[in-house]
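Working notes, beginning with the structure itself.
The values are calculated or read from the model by the stated rules, or taken from the named source; none is laboratory data. Quick caveat, the model's predicted, so the values are computed rather than measured. Note that each Cβ is placed from the backbone with ideal geometry, even for glycine, and that neighbours are counted across all protein chains shown. To get the accessible areas, we keep the full protein, side chains included, count just its heavy atoms, and leave off ligands, DNA and RNA. Shrake-Rupley method; radii C 1.70, N 1.55, O 1.52, S 1.80 Å.
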Amino acid sequence: MIIARSILELRKALEVKKGSVGFVPTMGALHIGHRTLIDAARRENDTVVVSIFVNPTQFLPGEDLSKYPRREEADFKICELSGVDVLFYPDVSGMYGEDEVRICAPDLRGYILEGASRPGHFDGVLTVVMKLFNQVRPTRAYFGKKDAQQLALITQMVENFFMNVMIIPLDTVRESDGLALSSRNVYLDSIQRQEALKLSAALKKATEMVMRGEVESNAIEAQMRRILEPLEVEYVAIVNRAFQSLSQVVIGDTIVLVAARVGTTRLIDNVWM
Ligand code: AMP
């Protein structure tokens, strides 16, 4: 595995590679969710590139940028053992300069749900993904459905800017008790970890209700909020794949989402129906 710490090193590493390139952008502290993306990229491409970059522009002031978990050595090992060809590990000065052009998230879809809780977050996400895509020039790029709104906005950016990359979405990987894997789970102590199960429990309830024939979003959201108590809920939402609010669930075109705080840790989860 080649570790490229600058754009120049990345270019050098990639110029000798032939065929398709599968790309998995991450912020590190890799877990099985990331592994699933890397494994899919490995199966479907000649060359696999993973980036690890804790992107400052997607963190709002007061968020966990400085304490975001960093696991350089373990992450390098995981990538190596997963058959990654090139690990792109740039520093902030290699990615950003002064007073730069930025990508703006769309006014509506970029400022609801995650975008309402974290205004400007998606500008940072889209900007860094654009920069990474332009450097790596992937054939396919792999993203988790866990970050459903991010996935939708990146897909939209690729369409809107006529970018030549296939976006491949993959299902959320969970612990055996239902907790969605996340790099932020390391912030949870054992009691909080139990509390965090309320997110997946609420989504399971939503799925059960729909399977029993309940389609009214209000009824489903009310039940979910009951299960989420006493967590500080930021939102419970039922939307279609284009992130438009749904008053009734439409099977095949619905995402049920939740964001809540467990202690000071902000967790998100969702289920696709
Ligand atoms: P992050 O390192 O949190 O920026 O995530 C990098 C990629 O991994 C994103 O596309 C995430 O959606 C994806 N991801 C994070 N957690 C999971 C999970 N539990 N299952 C599947 N994909 C995930």
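The table for this structure:
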{"read-out": "Residue check for Phe122: within 30 Å of Leu188 (Cβ to Cβ) and touching a residue at least 60 places away in the same chain (Cβ under 8 Å)", "value": "yes"}
{"read-out": "Unique residue being in contact with a strand residue (DSSP E or B) (Cβ under 7 Å, 6 or more places away or on another chain), surrounded by 13 or more Cβ atoms within 10 Å (Cβ to Cβ) and in contact (Cβ under 8 Å) with a residue 12 or more places away in the chain when the list is Leu179, Leu170", "value": "Leu170"}
{"read-out": "Residue match in region 233-249 (condition: within 11 Å of the ligand (Cβ to nearest atom) and aliphatic (A, V, I, L, M))", "value": "no"}
{"read-out": "Residue list for region 70-94, restricted to those being under 17 Å from Thr36 (Cβ atoms) and not in a helix (DSSP H, G or I)", "value": "Ser82, Gly83, Val84"}
{"read-out": "Residue that is under 28 Å from Ala105 (Cα atoms), free of Cβ contacts under 8 Å to residues at least 24 places away in the same chain and either open to solvent by less than 70 Å² (accessible area, probe 1.4 Å) or not polar (S, T, N, Q) (or both), where the choices are Leu10, Leu65", "value": "Leu65"}
{"read-out": "The one condition in (1) acidic (Asp, Glu); (2) touching a residue at least 24 places away in the same chain (Cβ under 8 Å); (3) part of a loop (DSSP other than H, G, I, E, B) that Asp107 fails to fulfil", "value": "(2)"}
{"read-out": "Residues located in region 122-151, provided they are within 14 Å of the ligand (Cβ to nearest atom), open to solvent by 30 Å² or more (accessible area, probe 1.4 Å) and out of contact with any strand residue (DSSP E or B) (no Cβ under 6 Å at 6 or more places or on another chain)", "value": "Asp147, Gln150"}
{"read-out": "Qualifying positions in region 261-273 - within 15 Å of Tyr187 (Cβ to Cβ) and either buried (at least 22 other Cβ atoms within 10 Å of the Cβ) or of a type in the set (Ser, Thr, Tyr) (or both)", "value": "Val262, Thr264, Thr265, Leu267, Ile268"}
{"read-out": "Restricting region 68-84 to residues that are of a type outside the set (Phe, Trp, Tyr) and either touching a helix residue (DSSP H, G or I) at 6+ places or on another chain (Cβ under 8 Å) or modelled with pLDDT under 95 (or both), the residue that is farthest from Ile2 (Cα to Cα)", "value": "Pro69"}
{"read-out": "Given (1) in a loop (DSSP other than H, G, I, E, B); (2) of a type outside the set (S, T, N, Q); (3) near the ligand (Cβ under 9 Å from one of its atoms), number of the condition Lys17 does not satisfy", "value": "(3)"}
